[in-house]
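Here is the structure we will look at.
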Amino acid sequence: MASSMSPTTTKRKGPLENNNQNKSKKSHWSAALSDALDDESVRLYRDDLCTVIRDKFPKAKIHLLVMPNEHITDLKCVNDTHVPLLKHMLKVGKEVAEKIAAKENATGSFAQFRYGYHAIPSLALLHMHVISQDFISPSLKTKKHWNSFTTSYFLDASDVIDDLQANHAIRVDVARMRKLLDNELQCHECPHTFPTIPKLKQHLMTHIY
Ligand code: AMP
Ligand code: ZN
């Protein structure tokens, strides 16, 4: 694996082919990540297996997405043959996050990360979130945003790998997961609950150190 975050030039398609592909893919919003995967200008890191970009609507100071280069729609399409790929994505996510945190002189919760998948993703290309635990961001606006990163709707990447190794597939209880998004707003660091996102955000500042 390349150790630098510089883009590499593996498996690129010709510019014309790319442009045409992007035009057709952009016809649906859920293809946004497929477009991003092919867009060198947003790339933080790429190797033979995966690509890392910044989340376009970050829900914390550092919020990255790690995607396989091969098209895998979501966790429903993953089986135990994908374990090496998922392990590699986790390793790369950790390395890139730590490099960015060091470069940005991030400390405390700004330099603590979780790595994982949304149980029910909205975008049609497998992506692992790498998210710093400050959750300080203007793009974090809704209860759904909050609960998708702080409840068990967020599937830890290491648990996903363990689950795949044990059960050969990932099963998601869709009804239970949808309900989690309606949970009351509870701080991820302490038992406090809040009636609104602005009040929660005010409280989050007390955990910054
Ligand atoms: P989810 O499918 O719920 O796991 O999350 C999709 C993530 O992709 C969200 O965090 C969005 O903010 C992010 N996102 C949406 N469009 C783009 C884009 N064009 N480039 C990068 N990230 C995006
Ligand atoms: Zn708290």
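The values are calculated or read from the model by the stated rules, or taken from the named source; none is laboratory data. All figures in this text were calculated on a predicted structure; none of them were measured in a lab. Cβ coordinates were reconstructed from backbone atoms using ideal geometry, including for glycine residues, and neighbour counts include every protein chain displayed. The accessibility values were calculated without ligands, DNA or RNA, using every heavy atom of the protein model including side chains. Shrake-Rupley method; radii C 1.70, N 1.55, O 1.52, S 1.80 Å.
With respect to Thr206, is the statement that it is in contact with a strand residue (DSSP E or B) (Cβ under 8 Å, 6 or more places away or on another chain) and away from ligand 1 (no atom under 16 Å from the Cβ) true?
Working: in contact with a strand residue (DSSP E or B) (Cβ under 8 Å, 6 or more places away or on another chain): no; away from ligand 1 (no atom under 16 Å from the Cβ): yes.
Considered against the rule, which asks whether it is in contact with a strand residue (DSSP E or B) (Cβ under 8 Å, 6 or more places away or on another chain) and away from ligand 1 (no atom under 16 Å from the Cβ), Thr206 comes out as no.
Of the residues Leu125, Leu200, Leu181, which single one is touching a His at 6+ places or on another chain (Cβ under 7 Å) and not acidic (Asp, Glu)? It would help to see each step written out before you state the result.
Values: Leu200 fails: touching a His at 6+ places or on another chain (Cβ under 7 Å); Leu181 fails: touching a His at 6+ places or on another chain (Cβ under 7 Å).
From the options Leu125, Leu200, Leu181, the qualifying one is Leu125.
Kindly evaluate Ala157 against the criterion of being open to solvent by 50 Å² or more (accessible area, probe 1.4 Å) and closer than 30 Å to Asp80 by Cβ. Lay out the reasoning, then the answer.
Working: open to solvent by 50 Å² or more (accessible area, probe 1.4 Å): no; closer than 30 Å to Asp80 by Cβ: yes.
Judged against the criteria, Ala157 is not a match.
Is it the case, given these coordinates, that Val174 is β-branched (Val, Ile, Thr), surrounded by 15 or more Cβ atoms within 10 Å (Cβ to Cβ) and more than 14 Å from ligand 2 (Cβ to nearest atom)?
Details: β-branched (Val, Ile, Thr): yes; surrounded by 15 or more Cβ atoms within 10 Å (Cβ to Cβ): no; more than 14 Å from ligand 2 (Cβ to nearest atom): yes.
In short, no.
Within 16 Å of ligand 1 (Cβ to nearest atom) and of a type in the set (Phe, Trp, Tyr): is that true of Phe194 in this structure? Quick ask: steps written out before the conclusion?
Numbers: within 16 Å of ligand 1 (Cβ to nearest atom): no; of a type in the set (Phe, Trp, Tyr): yes.
Judged against the criteria, Phe194 is not a match.
Got a sec? Which of Phe135, Phe149, Phe113 is open to solvent by 20 Å² or more (accessible area, probe 1.4 Å), within 16 Å of ligand 1 (Cβ to nearest atom) and of a type in the set (Phe, Trp, Tyr)? Show your work before the answer.
Details: Phe135 fails: open to solvent by 20 Å² or more (accessible area, probe 1.4 Å); Phe149 fails: open to solvent by 20 Å² or more (accessible area, probe 1.4 Å).
Result of the check over Phe135, Phe149, Phe113: Phe113.
Considering each residue of the range 88-110, count those that are open to solvent by 20 Å² or more (accessible area, probe 1.4 Å) and either of a type outside the set (Phe, Trp, Tyr) or without any contact (Cβ under 8 Å) to a residue 24 or more places away in the chain (or both), and give that number. Talk me through it step by step, then tell me what you get.
Of the range 88-110, the ones open to solvent by 20 Å² or more (accessible area, probe 1.4 Å) are 88, 90-91, 94-95, 98-99, 102-107, 110.
Subsequent filtering for residues that are either of a type outside the set (Phe, Trp, Tyr) or without any contact (Cβ under 8 Å) to a residue 24 or more places away in the chain (or both) retains 88, 90-91, 94-95, 98-99, 102-107.
Of the residues in that region, 13 qualify.
Considering only residues that are in contact with a helix residue (DSSP H, G or I) (Cβ under 7 Å, 6 or more places away or on another chain), closer than 27 Å to Ser109 by Cβ and among the aliphatic types (A, V, I, L, M), look in the range 167-191 and name the one that is farthest from ligand 1 (Cβ to nearest atom).
Across the range 167-191, the extreme among qualifying residues is Leu185.
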